[in-house]
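**Q** Handing you this structure, nothing more for now.
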Amino acid sequence: MDGVFTAGKFKGRWFSDVAGQETSFVAWAKRQKTPPGYLRAFLDFLKQGRRGQRSLDGLVVKTPRAAALPAESEQVTEDTGEGRGLRFDFLMALEVVGPELFEVGPEDQDAEVPHTLRTALAQHRGATAAPGASRWRFPAALYAEVLRWLEWNPDFRCRVEPVPVWVLKRLPAFAASAEKVQAVAALRLSLATKRLLAELPKPAPKTQPTQTEEDHKPVKALDLDGLGGQLLPFQVDAVEFGLRHHARFLLGDEMGLGKTITALALAKHFVEEWPVLVIAPAPLCRVWQDQALRWLPTLLAPKDVVVVRSGQEVVPTVAKMVVVSYNLLPARQDSSKPGSFGEFQIVIVDECHQLRGQSSKRAQAVVPLARRAKHALLLTGTPLVARAEDAYPLLESLLPEGELPSVNDFAARYGRRGAQRLQELHALLGSVMLRRTKVEMLPQLPKKRRRRVLLDLGPSAPSASPAAREEPVEEACERLAKAKKAAVAEYLSCLLAANVRFLVFAHHLAMLDALEKSLQEQSIRYFRIDGSTLMTERSKYIDSFQTTDHFQVALLSLTACSQGFTLSAASVVVFAELFWVPGTLLQAEDRAHRLGQENMVDVHYLVAPGTVDERMLAAVERRARDADKAVDGGTATAPLAREGGILEAPVVEKATAVEEVASGARGAKRKALPKESEDDLVLIGPRSSGRPFTWAKMSIGISDPGLPILQAFG
């Protein structure tokens, strides 16, 4: 039977702990002719071969029978009686792979586990073989047992990397194991260390209590009366989820599922704690104002919703909702300046993936506000934009202070450049996130079809020499944009001849300017939105595109227009240029692929072979799959995996791509709305508010008035 030292310099430590680590002490103890009582118990433990079991607060660790002899090829050393069994010189890592599962395997994915250890793991109770070589899965309830068995097995010895306690504490099924692991660690501390810790000042109470699934009881009864329209069932589910989680969670639904409406419906339940602070990208601030007035007509009048337009603007004390952009928020955090914000009990952070970069001014301004708020609702369709580290400020905003490690430790565990332990990160995000996809919630939504269209740049193609590959990426992309602009303009002319409406995204000004000039020369009705376009102009362009057939082409900047707008009046999306961030590309695609879309959405990526385009495609695919594993668990319904990814999209000739689009247009169900249809459109919107308005962001026919499913997506 294992025991604990009751005296001496190892007081409080397990016999097996000392036997395995303090070999010189073991040798000294064996030489004592008249050992004291505490040492006699330790020597008796050594004579028994350090077998038996240890119990601590219900944790029982049973040591197995002697393992089989190692194979001759195994790199092991044998202890001489002062250590434990066989030593294996490699690292075994434990990793959470689901809310109720963890996995054990070599840290190095390519390492081969020695036969002795492999056999012992396979025979351990609860073990099942995991995908991949030499990996085993166990139920969460066995975590503490398996960890101690690996650390103090009498038959073998190897290095062990456990799951951090802060991860275990976030997952209800692992919470009990976290307490046991902490209890064992406390026993191993020396008395001097314990005294030092006892003298340290106690930490301040946590801002928010840690919640587990058992604690998630609705704080209020569901009340949807007085809304300016009818929510869809899955939106109602999200509101109920928010009520169970005290309205502190991340709503990670895919783009086009109505996160704005859901957030407003949830905020309605806490009207006694208003005002509400909404933080959003600058182009979306007016959208929030419009949607709030539309969906909360019995609670808000125009004077109650204030959109902050400058860093010095003083917000009226009677405001019930304050909408501020990410750019203006940092300037309003300094209490010494006029117009600074006080505390808000309800904070909504839209497109919260823009907080990525924990040291950014945005994160430094937003995270403290969200953490101090009683209710904090974070919204994004792309929780991870490019790296696992992107999740840190989102978790930091929602979790009590002290529950996360430093950002450096977080990045070290989940990857700085690439990504690792993505299933564990998926489980961690799942502890604060509700995530649904369009495939799950809107099976009637038409599919998305990606195509790669190869451009022949001829003599203007950038050099593919090794020297050119050493060129800085930004310079290479800008040079490629200039080389591609003529070929892209030619391709757009082919689409125009097919008489289809489409969106075209570009990144560099040289490309946008060249395409605009080409459209002007062909007398095409188009509009352009980039970073210099005024917000009022943006709204006019988008409303006109959605409700009339005046514009045929929307020429859009990738970074200025990839989020927050509905452009479902088009069913063709063209990418004149690529971008390094998969989330940006996906959001841009989904300007058209969202509720209200009646046709298959054709997405054309214009790629120049042998250029930096190919490097960007490979990087985008890798990052997209990493994000898929972390956010959606690597399911087949994840956005960039669902349609096979860009790299796996078929390569088609220009003529073929155009013919596909033209043939789709000939059989399209959409009817373009007449230019003078304003009065007719009044019939389409929700009628409960008593004030008519037009559906400026939906593309539907006049024959579809009052279609219920549309009323949930303004």
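**Q** Name the residues whose placed amide hydrogens come within less than 5 Å of the amide hydrogen of Phe90, ignoring near sequence neighbours (fewer than 5 apart) on the same chain.
**A** Answer set, sorted by chain and number: Arg159.
**Q** Moving on to the next point. How far apart, in nm, are the 7 Å Cα→Cβ label points at Arg31 and Val314?
**A** Here the answer is 8.4 nm between the modelled labels.
**Q** Could you size up the charge dipole of segment 481-633 around its Cα centre, putting +1 on the beta carbon of Lys and Arg and -1 on that of Asp and Glu, and report it in debye to the nearest 20?
**A** 220
**Q** How high is the FRET efficiency between Glu100 and Arg372 when r is their beta carbon distance and R₀ equals 35 Å, given to the nearest 0.05?
**A** After rounding, the FRET efficiency stands at 0.60.
**Q** Please report how far the C-alpha centroid of segment 494-530 lies from that of segment 222-281, rounded to the nearest whole angstrom.
**A** About 38 Å separates the Cα centre of segment 494-530 from the one of segment 222-281.
**Q** Taking θ = phi - 60°, what integer Hz values does the Karplus form 6.51 cos²θ - 1.76 cosθ + 1.60 yield along segment 430-442, in sequence order, with x for Gly and Pro?
**A** Residue by residue, segment 430-442 yields x, 6, 10, 10, 10, 10, 10, 10, 5, 4, 6, 8, 10 Hz.
**Q** Ok, one more. Rank these for me by crowding, Arg31, Arg622, Arg435, going from fewest to most other beta carbons within 10 Å.
**A** With the sparsest Cβ surroundings first, the list reads Arg31, Arg622, Arg435.
**Q** Once each part is reduced to its C-alpha centroid, what is the distance from segment 129-164 to segment 536-601 in angstrom?
**A** 49
**Q** So who's got an amide H within less than 5 Å of the one on Phe156, skipping anything under 5 residues away but keeping other chains? H placed 1.01 Å off N, in plane.
**A** The list, which skips near neighbours in sequence, is Leu86.
**Q** Using modelled amide H (1.01 Å from N, peptide plane; none on Pro or chain starts), what sits under 5 Å from the amide H of Val278, excluding residues fewer than 5 places away?
**A** Val322, Val323, Val324, Ile348
**Q** Would you mind computing, in nm to one decimal, how far apart the modelled labels at Lys447 and Gln522 are, each placed 7 Å from Cα along Cα→Cβ?
**A** 2.8
**Q** How do Thr584, Thr6 line up, fewest other C-beta atoms within 10 Å first?
**A** By the 10 Å Cβ count, ascending, the order reads Thr6, Thr584.
**Q** Let me check against my output: what whole-number percent is the relative contact order of segment 213-436, with C-alpha pairs under 8 Å and at least 6 apart?
**A** Relative contact order of segment 213-436: 22 percent.
**Q** Could you work out how much longer the chain between Ala618 and Ser360 gets when fully extended? Use 0.36 nm per residue separation minus the Cα distance between them, nm to one decimal.
**A** 90.1 nm
**Q** Want the number for Glu22 to Glu161: 0.36 nm per residue separation, take away the alpha-carbon distance, what's left?
**A** Full extension of this stretch gives 48.0 nm more.
**Q** Report the charge-dipole magnitude of segment 358-451 in Debye, nearest 20, computed about the Cα centre from +1 at each Lys and Arg Cβ and -1 at each Asp and Glu Cβ.
**A** 760
**Q** Any chance you could check the Cα centroid distance between segment 368-384 and segment 389-426 for me, in angstrom?
**A** Taking the Cα centre of each part, segment 368-384 and segment 389-426 sit 15 Å apart.
**Q** Return the FRET efficiency for the residue pair Glu440, Leu46: r is the Cβ-Cβ distance, R0 is 56 Å, and the value is rounded to the nearest 0.05.
**A** Here the calculated transfer efficiency is 0.45.
**Q** Turning to a different aspect of this structure: Of the options Val366, Gly226, Pro283, report the single residue whose Cα projects farthest towards the positive end of the charge dipole of segment 213-436 (beta-carbon charges: Lys, Arg +1; Asp, Glu -1).
**A** Positive-end residue among those listed: Pro283.
**Q** Obtain the nm distance between the two label points defined at Leu91 and Met535 by a simple spin-label model: each point lies 7 Å from its Cα along the Cα-to-C-beta direction.
**A** Once both label points are built, they end up 4.8 nm from each other.
**Q** Let me ask something else. Treating the beta-carbon of each Lys and Arg as +1 and of each Asp and Glu as -1, no other charges, what is the dipole magnitude of segment 213-436 about its Cα centre, to the nearest 20 debye?
**A** Dipole magnitude for segment 213-436 comes out near 600 debye.
Just so you know, all these numbers are worked out from the coordinates, no wet-lab data involved. These numbers were taken from a predicted model, which means no experiment stands behind them. Positions of Cβ are backbone-derived with ideal geometry, glycine not excepted, and every protein chain shown enters the neighbour counts.
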